[in-house]
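S.K.: Sharing a structure here in structure tokens format.
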Amino acid sequence: MHQYRVLSGIQPTGEPHLGNLLGAVRWWVTDQREGDCFYCVVDLHGLTVAGDPAERRAASITMATLLLAAGLDPESCTLFLQSHVAEHAQMAWLLECTASFGELRRMTQFKDKTAKGGEEAARVGLFTYPCLMAADIVLYDADRVPVGDDQRQHLELTRNLAQRFNARYGPDVFVVPDAQIPPPGRGARVMNLQEPDRKMSKSAGSPQGVIGLMDDPKDIERKVRRAVTDADDGPDPVRYDPAAKPGVSSLLELLATLEGVGPDDVADRYTRYGPLKADLAAAVVATIEPIQARFRELEKDPDHVRRVLRDGADKAGAVAAATLRRAYDAVGLLPPAG
Ligand code: TYM
């Protein structure tokens with residue numbers, strides 16, 4: 001028996017990057033040996049922004065293939081596509097009827113994402129997105145949710161919604177989940193290499209500062225070489241000081257994360273930016289290349305990946321259906337005559 005239940009998700013839209021790997025996916029890989037893990041490619045979440053249907057289909061299969069290439073093992077975890085399990089959308093409705101308008105309006109991701117286009121044109125799904133995410137989590141009675149730091153607020157909302165629902169309808173309807181965020185400086189928040197005050201993201205910031213998991217090694221080397229640092233010409237410019245030296249500090253964090261040591265330990269080894277960047281580029285390539293090689297193998301057999309997703313949806317669906325029924329019963333939705 002497993003000691004705990006894990007659920008996490010990743011959007012298939014946009015190219016996955018080093019932040020996704022270091023903040024989330026590599027922890028998923030570790031967890032699958034210990035926990036009872038459900039990992040979801042959240043294709044419904046992708047509908048909150050515009051996209052081409054054929055590209056969406058391709059992106060879902062690509063993301064699932066990449067997760068397998070990164071080390072998810074269908075024997076050890078349950079990998080599935082969100083839209084294959086209808087209960088996600090159904091549970092989201094219960095949580096939309098639990099959340100308040102005010103608390104959703106305060107979500108920083110909603111505020112950030114509507115900053116440019118304005119609220120008027122924003123899809124309602126972008127607003128209610130956190131309820132769908134909370135639904136993803138509570139459906140699986142997840143104790144732990146491994147995510148990057150940018151999801152912290154969504155996890156707090158999920159906890160609040162689960163607690164509120166339990167207070168209204170019964171203490172044991174939902175498990176109240178804990179966010180599992182990597183320690184600061186260990187991948188929790190990977191920054192854009194060109195804009196070190198901004199997180200690496202699929203949808204925003206300079207593309208030259210984003211290391212894509214499918215990037216050619218040459219491009220990775222170039223992006224790391226051109227990473228923004230500073231013009232410190234003192235005797236020891238390589239110092240870990242995120243406030244005063246954000247650029248070099250984020251490079252130190254990255255190398256430290258990849259090596260499993262602290263950023264100060266890495267800083268001690270260098271006196272110049274050039275060698276630090278060269279070693280970082282080599283370490284990133286060494287991490288990503290085997291994933292790409294496996295991806296190219298798996299990509300040859302998309303039917304295999306589709307079968308993994310189908311089997312995953314079967315397992316996930318059984319758990320989700322039981323939780324949804326429990327929640328329906330708790331709120332007083334009359335079951336059909338049996
Ligand atoms: P998404 O698809 O944007 O990102 C997937 C995971 O990658 C992490 N991440 C990062 N970690 C460190 N540094 C970064 N620069 C960085 N960028 C992204 C994210 O924190 C995330 O863990 N709303 C979620 C998807 C979701 C979900 C869920 C997650 C939907 N339902 C249920 C957990 C549980 C999102 O948009 O992640």
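S.K.: Mind giving me the FRET efficiency for Ala122 and Asp241? R0 is 41 Å, r the Cβ-Cβ distance, nearest 0.05 is fine. Don't skip to the answer; put the middle values down first.
M.R.: Details: r = 38 Å, r/R0 = 0.92.
The calculated FRET efficiency here is 0.60.
S.K.: What accessible area per residue comes out for the chain, rounded to a whole number of Å², with a 1.4 Å probe?
M.R.: The answer is 47 Å² per residue.
S.K.: Seen from all sides and averaged, what is the projected area of the convex hull of the Cα atoms in the chain, in nm²? Show your work: numbers first, answer last.
M.R.: Values: hull surface 75.7 nm².
Approximately 18.9 nm², given one-decimal rounding.
S.K.: May I pose another question? What GluC sites (Glu not before Pro) does segment 117-180 have in DSSP loop regions with at most 14 other beta carbons within 10 Å?
M.R.: Values: sites: Glu119, Glu120, Glu156; in loops: Glu119, Glu120.
In loop regions of segment 117-180 (DSSP not H, G, I, E or B), the sparsely surrounded GluC sites (Glu not before Pro) are Glu119, Glu120.
S.K.: Taking only Cα atoms and a 10 Å spring cutoff, compute GNM fluctuations for the chain and point out the largest among Glu34, Glu297, Glu195.
M.R.: Evaluated over the chain, the most mobile residue of the options is Glu297.
S.K.: Can you give the percent of C-alpha pairs in segment 207-296 whose distance is more than 21 Å? Please list the in-between numbers first.
M.R.: Numbers: 1182 of 4005 pairs.
The proportion of pairs with Cα distances above 21 Å equals 30 percent.
S.K.: Looking at the chain, which Cys residues are left with no other cysteine's beta carbon under 4.7 Å from theirs?
M.R.: Cys40, Cys97, Cys131
S.K.: Taking all protein chains in place and a 1.4 Å probe, what share, in percent, of the accessible surface of the chain do carbon and sulfur account for?
M.R.: 52 percent
S.K.: What's the FRET efficiency of Ala286 with Lys315 using the Cβ-Cβ distance as r and R₀ = 41 Å, to the nearest 0.05? It would help to have the intermediate numbers written out before the result.
M.R.: On the way: r = 34 Å, r/R0 = 0.82.
Computed FRET efficiency for Ala286 and Lys315 comes out at 0.75.
S.K.: Take the Cβ-Cβ distance between Ala293 and Val261 as r, set R0 to 22 Å, and report the resulting FRET efficiency rounded to the nearest 0.05. The partial results should precede the final answer.
M.R.: On the way: r = 26 Å, r/R0 = 1.19.
Once rounded, the FRET efficiency stands at 0.25.
S.K.: Whole-Hz Karplus ³J(HN,Hα) for segment 192-204, in order, using 6.51 cos²θ - 1.76 cosθ + 1.60 and θ = phi - 60°, x for Gly and Pro?
M.R.: Ordered by residue, 3J(HN,Hα) equals 5, 5, 8, 10, x, 9, 9, 5, 5, 9, 5, 10, 9 Hz.
S.K.: With a cut-off of at most 12 other beta carbons within 10 Å, and DSSP calling the residue loop, which trypsin sites (Lys or Arg not before Pro) in segment 102-155 qualify? Please list them.
M.R.: Details: sites: Arg105, Arg106, Lys111, Lys113, Lys116, Arg123, Arg144, Arg152; in loops: Arg106, Lys116, Arg123.
Answer by residue number: Arg106, Lys116.
S.K.: With the cut-off at 21 Å, tell me which of the pairs Lys218/Lys277; Lys245/Lys277; Lys218/Lys300; Lys113/Lys277; Lys223/Lys245; Lys116/Lys202 have Cα atoms farther apart than that.
M.R.: Working: Lys218/Lys277 14 Å; Lys245/Lys277 15 Å; Lys218/Lys300 24 Å; Lys113/Lys277 32 Å; Lys223/Lys245 19 Å; Lys116/Lys202 16 Å.
Lys218/Lys300; Lys113/Lys277, as the Cα separations exceed 21 Å there.
S.K.: Another one. Can you tell me the dipole magnitude for the chain around its Cα centre, using point charges on the Cβ only (Lys, Arg +1; Asp, Glu -1), in Debye to the nearest 20? Mind showing how you got there, number by number?
M.R.: Working: 40 positive and 48 negative charges, 119 e Å.
The dipole magnitude comes to about 580 debye.
The values are calculated or read from the model by the stated rules, or taken from the named source; none is laboratory data. Bear in mind that the values here come from a model prediction, so they are computed numbers and not experimental data. Neighbour counts are summed over all protein chains in view; Cβ atoms, including those assigned to glycine, are modelled from backbone coordinates with ideal geometry. Calculation scope for accessible area: heavy atoms of the full protein, side chains included, ligands and nucleic acids excluded. Shrake-Rupley method; radii C 1.70, N 1.55, O 1.52, S 1.80 Å.
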